[in-house]
1. Name the one entry in 418, 424, 454 that is out of contact with any strand residue (DSSP E or B) (no Cβ under 6 Å at 6 or more places or on another chain) and surrounded by fewer than 20 Cβ atoms within 10 Å (Cβ to Cβ).
2. I need the full set of residues from the stretch 457-476 which are in contact (Cβ under 8 Å) with a residue 60 or more places away in the chain and crowded, with 22+ Cβ neighbours inside 10 Å, in order please.
3. Please go through the stretch 234-247 and pick out each residue that is loosely packed, with under 13 Cβ neighbours inside 10 Å and within 30 Å of residue 75 (Cα to Cα).
4. Report the residue count in the stretch 102-142 for those that are modelled with pLDDT of 90 or more, open to solvent by 70 Å² or more (accessible area, probe 1.4 Å) and over 17 Å from residue 78 (Cβ atoms).
5. Checking the structure you have, find out if any residue of the stretch 294-317 is without any contact (Cβ under 8 Å) to a residue 60 or more places away in the chain, open to solvent by less than 50 Å² (accessible area, probe 1.4 Å) and out of contact with any Pro (no Cβ under 6 Å at 6 or more places or on another chain).
6. Taking only pairs six or more apart or across chains, which ones have beta-carbon atoms under 8 Å, a first residue in the stretch 318-334 that is on the phi < 0 side of the Ramachandran plot, and a second residue that is open to solvent by less than 10 Å² (accessible area, probe 1.4 Å) and part of a helix (DSSP H, G or I)?
7. At least 3 residues that are buried (at least 17 other Cβ atoms within 10 Å of the Cβ) and not β-branched (Val, Ile, Thr) in each: list the strands (runs of 3 or more DSSP E) lying fully within the stretch 328-413 that qualify.
Amino acid sequence: MPHTQRAFNRTRMVLSTNKIITGSLRLLNMSQRRYTIMIILRAQLFGLVKLLRTAPAARGHRPPDFAAPLNPRILLLSEFFPADPRCVVGTFQRLKRHLAVLDRLGPVDAIFMWSPGRALSEADESRFRAVAKQTWPLRGSVHFMAPGRRANGLLPRINDAFWALRGFVGFDRDQPSMAMCRRRQIEDIEKMLEVFQPDLIFAHRLNTAVPLTRMKSRLPPIIVDFDDVESVRIERLAMSKSNLIGRWKARLGVVLARRAQGRVSAAAAGVLVCSELEQRKVQLMYPEARVYVIPNSAAALGELPTSSQRIAVFVGTAGYEPNKEAILWLAKQIWPYIRGAVPQARLIVAGEGTGDLSIGSEQLGIEALGFVENLAPIYAAAMLAVCPVRRGSGTRIKIIEAAVNGRPVVSTTVGAEGLTFKPGSEILIVDDAKGFADACIGLLRDPARAAMIGKAASRRARSAYRSERIAEHLRAICIEALHGRGVRMPSHDGESNLPGR
């Protein structure tokens with residue numbers, strides 16, 4: 001894209017952002033308006049002048065002519081730390097598979113972003129370091145870094161707003177956060193980079209990647225995993241808000257997320273997403289980014305026989321808000337229909353925190369188990385799995401897991417988004433409560449059809465989401481990043497898939 005065209009696009013983005021900000025200003029008093037307008041004008045003017053004055057070549061990353069080391073040193077940056085070796089949440093599963101691939105290339109050091117306000121003693125650090133090495137393949141050193149606390153005082157908040165409006169911002173519980181983007185955190189990461197001297201940086205999610213874009217020092221190639229595309233998730237949150245202020249805040253968050261994603265995508269040697277659908281979305285927003293599809297996957301729990309028991313299962317942690325909303329919707333609005341039509345039907349809900357939702361009911365046949373160490377007996381007993389998720393982004397590992405193990409899935413459109421299962425023959429997709437219940441009732445009353453859909457889904461999952469194939473894709477991307485080149489990867493259907501430039 002020509003440099004002048006990028007300047008035009010930045011100007012257009014600024015103008016569209018002003019529409020949102022103008023509406024928000026009406027909610028402030030006169031004094032707050034003056035400070036807010038001052039910082040907005042400063043941020044936008046600074047960003048536009050810098051874009052017009054900076055040559056495209058000066059903003060690139062490492063030149064493409066260096067030789068990749070035989071045993072590269074890799075640095076992982078992540079907010080997700082396996083404090084419990086039993087961590088089986090989808091995010092941890094994906095990250096663990098990534099680390100297995102990275103470990104084959106070279107030793108991996110790790111920096112985990114720790115909770116702000118909680119100091120770690122030497123004993124705590126030693127214990128958590130041992131847990132991390134026990135749980136994940138980390139042959140290098142493990143360190144912990146505390147994000148910054150929320151700014152206090154008017155000037156620090158204005159400074160935060162200045163950097164946030166330019167796209168140097170992360171997100172905490174879908175709210176803009178400068179916890180990892182302030183100068184203190186940038187300097188801490190730079191010091192660690194001097195110590196580690198990595199040949200490749202693997203940044204897990206937006207929050208750990210954004211600080212890298214504020215650094216002035218020359219960096220090695222960066223691979224960023226957008227297993228959750230922040231702007232997509234927050235945009236769906238905005239649509240779910242019923243009050244005006246909530247919608248405006250969420251929409252402003254979408255603008256900030258897109259700017260942050262744009263900075264990261266421009267700096268990264270490769271951006272990873274979960275599906276071809278998200279690849280198209282990210283590529284449309286950032287045409288020059290190198291975007292690669294690294295799907296989620298799930299392990300088979302053995303050869304499970306088909307089940308004749310009228311049991312449906314939902315697997316997912318209640319700590320993830322879209323899961324929690326889905327469980328409550330399922331238990332309160334969907335399951336009563338199913339239980340009324342199939343009195344012997346049972347619902348099993350498994351996952352950390354699900355036992356605290358007060359949904360268990362002997363009368364309705366609902367059992368909330370909380371965390372379950374071994375899911376094989378649950379899937380063996382279940383006739384079908386359900387995924388009534390209506391928010392979020394990425395792809396649902398729970399659907400792949402159920403399919404790999406031969407269980408048909410009834411899902412919402414958002415729940416099945418990005419996955420390649422064929423509606424009707426490999427998965428059932430319904431978005432309203434009554435229709436969702438009817439689809440489940442149909443399968444519970446027809447075990448032969450349930451088994452047929454489950455087998456078809458299993459064939460698809462074991463072909464499209466095979467762990468070995470996905471691992472080879474990621475390994476090739478990392479090797480090519482070390483060589484400073486793009487990579488042509490096969491798609492799910494075996495056809496070439498060249499990321500747009």
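1. Only one candidate qualifies: 424.
2. Result: 461, 465, 474.
3. Residues satisfying the conditions do not exist here.
4. Of the residues in the stretch 102-142, 1 are modelled with pLDDT of 90 or more, open to solvent by 70 Å² or more (accessible area, probe 1.4 Å) and over 17 Å from residue 78 (Cβ atoms).
5. No, the stretch 294-317 contains no residue that is without any contact (Cβ under 8 Å) to a residue 60 or more places away in the chain, open to solvent by less than 50 Å² (accessible area, probe 1.4 Å) and out of contact with any Pro (no Cβ under 6 Å at 6 or more places or on another chain).
6. 318/327; 318/354; 327/354; 334/436; 334/437; 334/440
7. Hits in the stretch 328-413: 346-350, 384-387.
Conditions tested, residue by residue: (1) under 28 Å from residue 159 (Cβ atoms); (2) open to solvent by 30 Å² or more (accessible area, probe 1.4 Å).
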residue	(1), (2)
178	yes, no
184	yes, yes
205	yes, yes
218	yes, yes
227	no, no
232	no, no
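The values are calculated or read from the model by the stated rules, or taken from the named source; none is laboratory data. All values reported here derive from a predicted model rather than from experimental measurement. Because the Cβ atoms are built from the backbone with ideal geometry, glycine has one as well, and the counts that use them run over all protein chains shown. Ligands, DNA and RNA are stripped out before the accessible areas are found, and what is left, the full protein with its side chains, is counted by its heavy atoms. Shrake-Rupley method; radii C 1.70, N 1.55, O 1.52, S 1.80 Å.
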